Each structure stands twice: as C-alpha cells, then as structure tokens.
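The values are calculated or read from the model by the stated rules, or taken from the named source; none is laboratory data. Just so it is clear, the model here is predicted, and its values are computed rather than measured. Note that we place each Cβ from the backbone using ideal geometry, even for glycine, and neighbour counts take in every protein chain shown. Only protein heavy atoms, including side chains, enter the accessible area calculation; ligands, DNA and RNA are left aside. Shrake-Rupley method; radii C 1.70, N 1.55, O 1.52, S 1.80 Å.
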Amino acid sequence: MQTRITELFGIEHPILQGGMHHVGLAELASAVSNAGGLGLITGLTQRTPELLAREIARCREMTDKPFGVNLTFLPSVNPPDYPGYVQAIIDGGVKVVETAGNNPQKWLPALKGAGIKVIHKCTSVRHALKAEAIGCDAISVDGFECGGHPGEDDVPNFILLPRAAESLRIPFVASGGMADGRSLVAALALGAEGINMGTRFIATQEAPVHENVKQAIVAASELDTRLVMRPLRNTERVLSNTAVERLLQKERELGAAITFEDILPEVAGVYPRIMQSGEMDAGAWSCGMVAGLIHDVPTVQQLIDRIMGEAHALIRERLAGLAR
Ligand SMILES: Cc1cc2nc3c(=O)[nH]c(=O)nc-3n(C[C@H](O)[C@H](O)[C@H](O)COP(=O)(O)O)c2cc1C
C-alpha cells in the first residue's frame, strides 16, 4: 500500500509507532521498522543525550530499516537538554523525528538542515496548520480517544480527521484509537494517509515492558480510561487504577486550587515502576480507549501483517462489493 506517508518515510506499510515514555526503546522501534512500519525511539526516556545516542546505535544494530526518534516538548521548570538531544539525533543519522507537546519551530532549522523529516503530533486543526506553515513535513493528528495527552478541545477522530483533510496540504496520519485493519481503512477514508498507534503496540511480544502492563491492556475495556490533570490544562488519558482514582478524588476536593505538587505522588517518576516492575497501581500511565479493541499479545510482525491483510480484504471485498 503506497501513500504519501510511505513515500515520505521510505517504509513499506503506512503504520507508525508513536513515541511512548519507557516503552519506545530500541527493541520495539526496531521490531516495528523490521515489520515494514516506522518505529520510534522515545527521546526523553533516555535521561541524557549520550544515552539517546547509545539507544540510536543499539536500534541501528537491530534494524537496517528507517526508524525515528520522538522529541516531546513539555512545560517543565528544568527543561531537558533539548539542544543536546537534537544533536544526538543528527549525529546518529536518524532521518525522521516526531515532535509533540509544543511548537517545534525552534528546532526545525537544525533538523531540516540535517535532512530530517519532521512529523508533528497535535490534537487540533489550528496547531496542524501552524505546523504546516512553519515547514513540518507531515502531521500526526491525535484525536480525543488517544492514550496520552489529547489536548483540551475534546474532538474525536471522526470529526478531527476530515477537518484535517479539508485544511492541510501536507500528508497526515490518524492517531488515537487505531488498532486494526478497520482502523486503517477508516482512517484512509477520512483523508489520512496512514495510522499512528501507541497503546496497541504496547500489547506486543517485543514491547520491552512488564507482562502485567500487556495483560492490563488486554483485560481493559473501552470504559476503563480516565482523564486526569484537566484542571491543570495538561489533560492525560490514563488507565484507571487506585492511584488514578485517588488523583481524581484530589481534583474533586481541591478544585481550581489544585497544583502539580498536590499530585506528584500519583504522576512523578512512576513510569519505570509500572513499565519495568509491573506495579500496576504505582501511578497514572497513558492508555487509550482502544484498549477495548485489544484482545491479544501478538508479535509486531504478526500485528502489522494482520492489519495490512485485513485492510486489503476490507477494501477489495467488503467495500468494493458494496460499491458495485
Ligand atoms: C504509555 C504511553 C506513553 C506515551 N508517551 C508519549 C510520549 O512520551 N511522547 C509523545 O509524544 N506521546 C506519547 N504517547 C502518545 C502516543 O505516542 C500516541 O500518540 C497515542 O498513544 C495514540 O493513541 P492510542 O494509544 O489510542 O494509539 C504515549 C502513549 C502511551 C500509551
């Protein structure tokens, strides 16, 4: 299946793996790229630019296919060493960067100057248009259903994707709620040129996370996610657990007076405990509503082959049959 996205990134299938904190390590990124998609290392999971350089080198040993790096720009008191991370990406010969969280304009000259394609992930048409105007090559349109940060507009992909198609000239992928061949065909019908998946890729054999995390996703239904940190305008969709329910109780009790410090026990530094140690109630961790569509833990190759097989069958048989 060729689209502007497969051409832009030099990949076989229009399937991207979004950056995921403490999940997007070389094991998963290389597995996705080896299966014909585009795998991404999550930059900030590596605590220093030197460690990111090492992770890029490790990934290169595991695949000779293109892979990318996610760079997330989040508001923080002590910002990470972004110039160092950008340099590690350039020096590592990476050809694709997924930016997210904030306007990437400041970093575009360096990235584009090194021949790197930039796909910016955003949750609104106005931010997508801004990214197009400043020179990004593609957009990952992240709908309200997504795991992670859906923004504050709450527009689901059935509306957001066709709105993006009406407005954008550069290609975009559908992100949030994507799980299978049906998702891919629907995304294509709505104007996207591929899909980006987060939660679905965690429940794979190669995802370098504790088995408890994979089983929690398989066990969860589409009703099991919660939105936290809305009062802080930093909304995150997470899987419900005791820490999340405690966090929501604090939000109800403290109302508009709540500060980030109030919820530190539920959100700060919890990812390694969850992803590596499998402590499922350690804190809030991103998970999409798409968990309701995830029922197994295949290899990445099986997952991508299945998606492409289902998509081709849907287009050729079901849809072509209906259109006769
Ligand atoms: C556990 C987890 C961690 C994530 N961490 C990041 C991150 O660090 N940076 C980022 O840009 N997106 C992050 N995301 C969002 C994903 O890249 C992707 O946009 C999202 O998962 C798509 O929605 P889906 O889960 O419904 O597929 C994360 C998602 C999950 C599930």
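For the stretch 247-278, which positions are in a helix (DSSP H, G or I) and open to solvent by 70 Å² or more (accessible area, probe 1.4 Å)? Matches in the stretch 247-278: Gln249, Arg252, Glu253, Leu254, Ala256, Ala257, Phe260, Glu261, Pro265, Arg273. On the stretch given as the stretch 109-155, residues that are farther than 22 Å from Val94 by Cβ and basic (Lys, Arg) total 2.
State whether the residues of the stretch 279-294 include one that is of a type in the set (Gly, Ala, Ser) and part of a strand (DSSP E or B). For the stretch 279-294, residues of a type in the set (Gly, Ala, Ser) and part of a strand (DSSP E or B): present.
Among the numbered conditions (1) out of contact with any Phe, Trp or Tyr (no Cβ under 6 Å at 6 or more places or on another chain); (2) in a loop (DSSP other than H, G, I, E, B); (3) within 16 Å of the ligand (Cβ to nearest atom), the only one that Leu161 does not meet is (2).
In the stretch 164-205, how many residues are among the aliphatic types (A, V, I, L, M), away from the ligand (no atom under 12 Å from the Cβ) and in contact with a helix residue (DSSP H, G or I) (Cβ under 9 Å, 6 or more places away or on another chain)?
10
Scanning the stretch 127-161 for residues being open to solvent by 30 Å² or more (accessible area, probe 1.4 Å) and of a type in the set (A, V, I, L, M, F, W, C) gives a total of 7.
Selection of the stretch 1-26 for residues being open to solvent by 10 Å² or more (accessible area, probe 1.4 Å), touching a Lys or Arg at 6+ places or on another chain (Cβ under 9 Å) and within 18 Å of Val213 (Cα to Cα) yields Gly19, Leu25. So which residues in the stretch 189-244 are under 29 Å from Phe67 (Cβ atoms), open to solvent by 50 Å² or more (accessible area, probe 1.4 Å) and outside any loop (DSSP other than H, G, I, E, B), if there are any at all? Across the stretch 189-244, the qualifying residues are Ala189, Glu211, Asn212, Gln215. Looking at Pro208, is it over 14 Å from Ile294 (Cβ atoms) and either among the hydroxyl-bearing types (Ser, Thr, Tyr) or away from the ligand (no atom under 15 Å from the Cβ) (or both)? No; evaluated as a whole, the condition is false for this residue.
Only a single criterion out of (1) surrounded by fewer than 21 Cβ atoms within 10 Å (Cβ to Cβ); (2) modelled with pLDDT of 95 or more; (3) closer than 29 Å to Asn234 by Cβ is not satisfied by Asp91, namely (3).
The set of residues in the stretch 171-182 being surrounded by 20 or more Cβ atoms within 10 Å (Cβ to Cβ) and farther than 21 Å from Leu28 by Cα consists of Pro171, Phe172.
Can you name the residue in the stretch 120-135 that is in contact with a Pro (Cβ under 9 Å, 6 or more places away or on another chain) and within 14 Å of the ligand (Cβ to nearest atom) and, of all such residues, is nearest to Pro80 (Cα to Cα)? The residue in question is His120. Residue count for the stretch 37-65 under the criterion of being in contact with a helix residue (DSSP H, G or I) (Cβ under 6 Å, 6 or more places away or on another chain) and either closer than 19 Å to Ile202 by Cβ or more than 16 Å from the ligand (Cβ to nearest atom) (or both): the result is 15. The residue list Pro79, Pro75, Pro83 contains one member that is within 24 Å of Asp153 (Cβ to Cβ) and either modelled with pLDDT under 95 or open to solvent by 70 Å² or more (accessible area, probe 1.4 Å) (or both), which is Pro75.
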